[in-house]
Amino acid sequence: MDYNFTEIEPKWQQYWRDQKTYHVENNSQKPHYYVLDMFPYPSGAGLHVGHPLGYIASDIYARYKRLRGFNVLHPMGYDAYGLPAEQYAIQTGQHPAKTTEQNINRYREQLDKIGFSFDWNREVRTCDPQYYKWTQWTFLQLFNHYYDEEQQKARPISELVAKLEKSGEAIVDGKKWVELNEKEQQDHLMNFRLAYLADIPVNWCAELGTVLANDEVVNGLSVRGGYPVERKLMRQWSLRITAYAQRLVDGLEQVDWTDSLKEIQRNWIGRSEGAAVWFPIDAPTSSVDAPTALFMGQVDPTPVPSFEIFTTRPDTIFGVTFMVLCPEHELIEKITTPEQHDEVMAYVTWAKNRSERERQAEVKKVSGVFTGAYAINPLTEERIPIWVSDYVLAGYGTGAIMAVPAHDSRDFAFARHFDLPIRQVVATEKDAISDPNTWEESLDAKTGYSVNSGFVTGMKVRDAIKAVIDKIEEMGIGHRTVNYRLRDAAFSRQRYWGEPFPIYYKNGIPCPIPEECLPLLLPDISEYKPTATGEPPLGHADVWAWDVANRKVVSKSMIDNETVFPLELSTMPGFAGSSGYYLRYMDPHNDKAYFSPEAVNYWQKVDLYVGGAEHASGHLIYARFWNKFLHDIGLSVVEEPFQKLVNQGMIQGRSNFVYRSKTDNKLFISKGLVKDKDSVTPIHVDINIVDNDILDIERFKEWRPEFADARFELEEGKYVCGWEIEKMSKSMFNVQNPDDLVARYGADTLRMYEMFLGPVEQAKPWDTKGIEGVFRFFKKFWRLYHNESNTFSICDAEPTKAELKVLHQTIKKVTDDIERFSFNTSVSTFMICANDLAGLKCNKRAVLEPLAVLIAPFAPHIAEELWHLMHNDNGSVCDAEWPAYDEKYLVEDSFKYPVSFNGKMRFTIDLPADVQQDDAVAAVRATDDFQKWTAGKEPKKIIFVPKRIINIVC
RNA sequence: GCGGAUAUGGCGUAAUUGGUAGCCGCGCUAGACUUAGGAUCUAGUUCCUCACGGAGUGGGGGUUCGAGUCCCCCUAUCCGCACCA
């Protein structure tokens with residue numbers, strides 16, 4: 001029988017389903033191993049060949065681990081909440097649940113054809129109430145906890161309340177905790193809850209009608225749809241991820257990720273050490289009141305009105321020549337002098353109305369305005385002007401800086417533009433002092449020596465930084481501190497298709513719905529757009545109020561603000577559901593808990609996580625935060641959820657083009673005959689009617705009516721298409737659908753070929769050329785187990801040394817390759833092995849049986865078929881044992897030293913790995929070649945290189 | 001601008017991690033079997049040269065008996081961040 005994958009593959013896929021081959025239990029004598037893929041968002045377009053790349057790699061590893069005797073958890077599910085389904089709903093009125101369900105079914109169908117070893121019994125969907133119940137539950141835990149700085153972990157908010165009750169400190173407006181009313185108390189607690197409601201500057205996307213997180217915005221445009229995004233102050237739920245900033249940085253030390261990925265996360269968190277310093281305000285003409293707590297929850301420690309700045313370069317404080325506030329700074333109103341008032345207000349208004357995109361595009365443009373007020377440099381007691389400029393950001397530090405134009409490029413540009421003084425306080429050498437007004441650029445480097453800097457003059461910069469901070473702390477006007485670029489995560493989305501917040505509003509105070517009442521089900525609504533009054537889509541829901549007494553959702557008409565209250569109208573963002581799904585897989589059917597302690601104690605964490613690097617600053621940060629929080633409250637047992645992480649490279653599309661003549665739009669010119677590029681129009685052509693860049697002319701004519709009467713200028717009877725690497729997308733007709741390839745070559749060939757394309761981590765264009773080579777390999781491989789008349793035929797004879805060498809080499813190479821995730825080389829190894837065994841005409845069971853096991857992770861269907869043929873339909877190759885290799889078959893038995901002379905001054909001689917230096921040198925000296933080439937003279941040097949080579953310099 | 005990565009035949013890639021550069025596959029060339037082949041098999045295929053030979057891992061320098069691999073300086077491409085004080 002020929003290699004008939006169309007018969008083999010569905011048969012074994014059915015067999016695995018029937019036998020529950022990949023069903024995993026949460027207990028076993030075997031060691032455990034958890035292999036996870038980033039679950040997909042089920043889009044309407046279905047899977048293209050890029051999606052399965054990572055799944056195939058992880059499936060190979062999971063199957064390999066199983067064969068090595070591990071109990072392997074390898075689940076799959078769907079990140080089912082998301083914007084596209086909702087956009088589609090707005091257009092068509094179809095319920096997103098329905099389209100999502102359809103898309104999931106399509107995904108499942110496609111995935112099943114590729115022969116993955118997922119335990120589908122553990123499938124999760126983020127939009128399933130049994131799943132999002134726990135997303136909501138976690139939100140409530142975040143709401144009910146605060147971050148205790150002393151213990152460096154999350155603690156129940158009740159502990160904070162207890163502390164506040166005891167402490168006699170004034171909190172708000174000189175009042176103690178016990179003196180505050182409920183609203184004031186709750187408002188105060190919002191400053192501490194890990195999930196909190198606050199007016200925050202958010203990325204508002206008017207087109208999508210929702211707020212977006214920082215990682216959902218690129219260059220001022222939304223990632224989904226590419227719509228403009230503006231900065232806006234809105235009352236929003238946020239997660240206090242910044243509380244975990246340090247632990248998120250530290251945790252990176254413990255995980256086995258690529259350096260580049262860790263670096264992306266470090267940059268995103270953006271830790272920088274420096275000092276917070278209070279600058280007194282010297283504003284005789286203004287009306288500054290008593291000292292106030294302005295930022296960072298700090299209370300002004302100085303006796304006179306002052307404001308706080310953050311700097312990483314406290315050593316340059318002697319070079320401060322002006323201060324700058326961000327346009328949003330609340331001090332502006334208080335300090336601006338009457339003369340400057342109009343100008344400052346005009347600037348602030350202008351700055352606020354600028355879109356994010358404008359602001360980012362005009363970064364180089366200097367703008368700002370003087371407030372008329374002055375600050376006092378606490379170390380020099382100089383009077384320095386306070387300016388306002390949008391180059392200072394509201395969201396970082398305190399939104400105020402001390403400007404040192406000589407040593408900061410932005411301050412330098414600002415000083416130049418407004419003709420402010422520039423003073424040198426750092427020099428590369430101790431006496432390298434010059435007039436900074438003549439400089440081309442500022443001296444920003446954190447090296448060199450302090451000059452003109454009072455008591456730190458002459459110190460190295462690093463020492464000066466330390467000395468100045470010490471001084472500031474001693475004076476009580478500031479302290480050492482760390483700042484992070486990371487912001488708290490905006491957690492509200494003004495849209496429908498997401499998890500509802502389990503929150504109702506009792507006279508403006510957000511209150512949690514009791515845990516026992518979860519899940520709070522997403523209601524059906526009539527329309528998916530925002531309401532006429534600009535409320536999120538959930539505003540359309542009629543039955544959307546919380547009846548506290550009866551603990552259930554009731555009609556909005558019953559709201560009386562006594563026992564029935566309005567529910568939150570926004571929903572959670574996409575990352576809510578994906579932040580803990582890997583934990584739910586451990587115990588997916590548990591309706592009493594997120595997951596049982598037994599389950600998490602058994603599996604612990606994800607050992608191998610495979611997915612795209614595009615999640616580096618989104619999902620992978622949120623999930624780590626989520627896990628750390630769950631760890632703090634005693635749920636997850638390990639702080640870092642993803643031990644090893646592999647980023648599969650993106651598969652780009654390879655588009656094909658035909659060239660239409662500009663003078664004759666029925667004439668298409670073959671690529672090689674196009675002389676002048678401007679005389680033709682390249683047109684994308686569906687890659688499915690092109691084979692190896694040769695156009696199928698008949699199918700092309702049928703493809704589009706306007707091409708039906710096309711004429712062609714051919715090269716040697718063929719029409720050759722041009723090509724280009726582009727993103728894989730429908731509009732470029734370059735989407736390769738895995739189903740078509742499975743139908744034509746089989747799943748095993750697709751799996752192997754995707755691995756053969758190159759290293760998993762590397763981005764690469766999809767190119768179907770070459771899949772034939774892998775397909776040929778399978779036909780050849782199949783023939784190893786069959787005789788000339790295509791009947792299954794293997795014999796039990798003893799294998800020869802040569803055959804054993806081939807086998808053991810293959811075992812060693814493939815094992816090593818899988819361990820280091822180098823699947824493209826293992827495919828090559830299998831090809832070499834098949835060529836060698838075909839050459840040796842080897843049909844011996846002792847060789848072919850281990851070989852079938854070896855290939856099973858890559859090509860499970862053919863492996864299963866051959867295994868059953870060899871074992872009279874008993875057992876499954878999935879239960880086989882991974883073969884071990886024996887070194888002795890890998891070494892040549894005769895100790896011959898193949899000698900070669902490289903034509904110049906030295907010999908290179910191959911040696912077996914374990915040979916000793918003296919033996920090797922003696923053996924070399926004994927050869928005739930040695931005598932001949934050294935002409936009887938003693939060589940200058942004999943260099944022995946461990947392993948295999950001797951170099952002899954004559 | 002800052003940070004990270006990469007650079008090898010016509011193409012995808014490999015190189016036992018410092019040891020004969022180009023494995024394996026695609027493509028191409030020639031041949032065999034075939035009515036035919038987008039089937040199968042055999043041989044060849046880094047470049048220059050009829051050949052002898054020579055050159056060769058983006059460019060330049062260095063370390064080493066020996067460098068695709070390590071170090072320094074460029075160049076190009078890709079990715080991340082981007083007024084982060």
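Taking 22 Å as R0, compute the FRET efficiency from the Cβ-Cβ separation of A:ASP691 and A:LYS779 and round it to 0.05.
The calculated FRET efficiency here is 0.70.
Enumerate the amide H contacts of A:HIS786 below 5 Å, restricted to partners 5 or more residues apart or on another chain; note that Pro and chain-start residues carry no placed amide H.
Under 5 Å from the amide H of A:HIS786: A:SER793.
What residues qualify as long-range amide H neighbours of A:ILE171, i.e. H under 5 Å apart, gap of 5 or more or another chain, H built at 1.01 Å from N?
A:LYS176, A:TRP177
Return the sequence-ordered ³J(HN,Hα) values of region A:350-358 in whole Hz as given by the Karplus equation 6.51 cos²θ - 1.76 cosθ + 1.60 applied to θ = phi - 60°, using x for Gly and Pro.
Once rounded to whole Hz, the list reads 4, 5, 5, 8, 6, 6, 4, 5, 4.
If I fit a long axis through the Cα atoms of helix A:823-840 and take the longest principal axis of the Cα atoms of chain A, what angle between them do I get, 0 to 90°, rounded to 10?
0
Could you state the angle between the C-alpha long axis of helix A:860-870 and the longest principal axis of the C-alpha atoms of chain A, as a value from 0 to 90 degrees rounded to the nearest 10?
The answer is roughly 30 degrees.
Thinking of region A:495-610 as a set of Cα atoms, what percent of all their pairs are more than 24 Å apart?
Here the long-distance tail beyond 24 Å is 39 percent of all Cα pairs in region A:495-610.
With a Förster radius of 41 Å, plug the Cβ-Cβ distance of A:ARG551 and A:ASN874 into 1/(1 + (r/R0)^6) and report the FRET value to the nearest 0.05.
0.10
Using helices alone, what [θ] at 222 nm do you get for chain A, with -39,500 (n - 2.57) per DSSP H run of 4 or more residues, divided over all residues and rounded to the nearest 500?
Taken over chain A, the calculation gives -10000 deg cm²/dmol.
Any idea what the relative contact order of chain A is, in percent, if you count C-alpha pairs under 8 Å spaced at least 6 apart?
With pairs under 8 Å counted, the relative contact order is 13 percent.
Which angle between 0 and 90 degrees, to the nearest 10, do you get for helix A:917-926 versus the longest principal axis of chain A when only C-alpha atoms count?
On a 0 to 90 degree scale, this one is about 40.
Enumerate the aspartates and glutamates that A:LYS662 could reach by cross-link, defined here as Cα to Cα under 19 Å, with residues fewer than 8 away along the same chain left out.
Straight-line reach from A:LYS662, under 19 Å: A:ASP676, A:ASP678, A:GLU706, A:ASP709, A:GLU713.
Of A:LYS20/A:LYS730; A:LYS352/A:LYS529; A:LYS334/A:LYS471; A:LYS113/A:LYS780; A:LYS166/A:LYS628, which pairs sit farther than 31 Å apart, going by alpha carbon to alpha carbon?
As for pairs spanning more than 31 Å Cα to Cα, those are A:LYS20/A:LYS730.
Answer rounded, prolate or oblate for region A:305-405, using the Cα gyration tensor with square roots of eigenvalues a ≥ b ≥ c: rounded when a/c is under 1.5, else prolate when a/b is larger than b/c, else oblate.
Judged from the Cα gyration tensor, region A:305-405 comes out oblate (a/c at least 1.5, b/c at or above a/b).
Using a Förster radius of 51 Å, what is the FRET efficiency between A:LEU840 and A:MET190 based on their Cβ-Cβ separation? Nearest 0.05, please.
0.10
Does region A:28-173 classify as rounded, prolate or oblate by the C-alpha gyration tensor (a ≥ b ≥ c root eigenvalues; a/c under 1.5 gives rounded; else a/b over b/c gives prolate, otherwise oblate)?
oblate
Residue by residue through region A:248-264, what is 3J(HN,Hα) from phi via Karplus (6.51 cos²θ - 1.76 cosθ + 1.60, θ = phi - 60°)? Round to whole Hz and write x for glycine and proline.
5, 6, 4, x, 5, 5, 8, 9, 9, 10, 5, 4, 5, 5, 4, 5, 4
Can you compute the equivalent ellipsoid semi-axes for region A:96-226, i.e. the square root of 5 times each eigenvalue of the Cα gyration tensor, sorted largest first and rounded to whole Å?
The equivalent ellipsoid of region A:96-226 has semi-axes of 43, 22, 13 Å.
Starting from the amide H of A:GLY448, placed 1.01 Å from N in the peptide plane, find each other amide H under 5 Å away whose residue is 5 or more places distant or on another chain.
Hits under the 5 Å cutoff: A:VAL461.
If one computes P(r) from the Cα atoms of region A:150-206, what percent of pairs lie at distances over 18 Å?
43
Answer rounded, prolate or oblate for region A:567-621, using the Cα gyration tensor with square roots of eigenvalues a ≥ b ≥ c: rounded when a/c is under 1.5, else prolate when a/b is larger than b/c, else oblate.
oblate
Averaging sequence separations of C-alpha pairs under 8 Å and six or more residues apart, then dividing by the length of region A:323-457, give the relative contact order as a whole percent.
23
Report, ordered by chain and residue number, the aspartates and glutamates lying within cross-link reach of A:LYS65, taken as a straight Cα distance under 14 Å and ignoring same-chain residues fewer than 8 apart.
Once the sequence-local aspartates and glutamates are set aside, what remains near A:LYS65 is A:ASP607, A:ASP816, A:ASP817, A:GLU819, A:ASP879, A:GLU881.
Can you list the lysines whose alpha carbon sits under 23 Å from that of A:LYS506, skipping same-chain ones fewer than 8 residues off?
A:LYS133, A:LYS183, A:LYS552, A:LYS556
Tabulate in residue order the Karplus-calculated ³J(HN,Hα) for region A:527-534, using 6.51 cos²θ - 1.76 cosθ + 1.60 with θ = phi - 60°, rounded to whole Hz; enter x for Gly and Pro.
For region A:527-534, the Karplus-derived couplings read 9, 9, 8, x, 6, 4, 8, x Hz, x marking Gly and Pro.
In nm, to one decimal, how far is the A:ILE376 label point from the A:ALA206 one, both placed 7 Å along Cα→Cβ?
Result for the modelled spin labels: 4.7 nm.
Please tell me the relative contact order of region A:467-581 in percent, rounded to the nearest whole number, where contacts are Cα pairs under 8 Å and at least six residues apart.
29
Grab the other residues whose beta carbon is less than 14 angstrom from that of A:LEU379, score K and R as +1, D and E as -1, and report the net.
Local charge sum for A:LEU379: -2.
When 1/r is averaged over all different Cα pairs and the result inverted, which Kirkwood radius in Å belongs to chain A?
33.5
How many nm separate the modelled label positions at A:ARG108 and A:LEU393, each set 7 Å beyond the Cα in the direction of the Cβ?
4.4
Starting from the 7 Å offset along Cα-to-Cβ, what nm value, one decimal, do you get for the label separation of A:SER661 and A:THR258?
4.8
Could you work out the percent of alpha carbon pairs in region A:468-539 separated by over 21 Å, rounded to a whole number?
Percent of Cα pairs beyond 21 Å in region A:468-539: 55.
Would you work out the charge dipole size for chain A about its Cα centre, treating the Cβ of every Lys and Arg as +1 and the Cβ of every Asp and Glu as -1, and quote it to the nearest 20 debye?
1920
We did not get these values from a lab; they are worked out from the coordinates using the rules stated. This is a predicted model, so every value here is computed, not measured. A quick note on method: Cβ atoms are made from the backbone with ideal geometry, for glycine too, and the neighbour counts reach across all protein chains shown.
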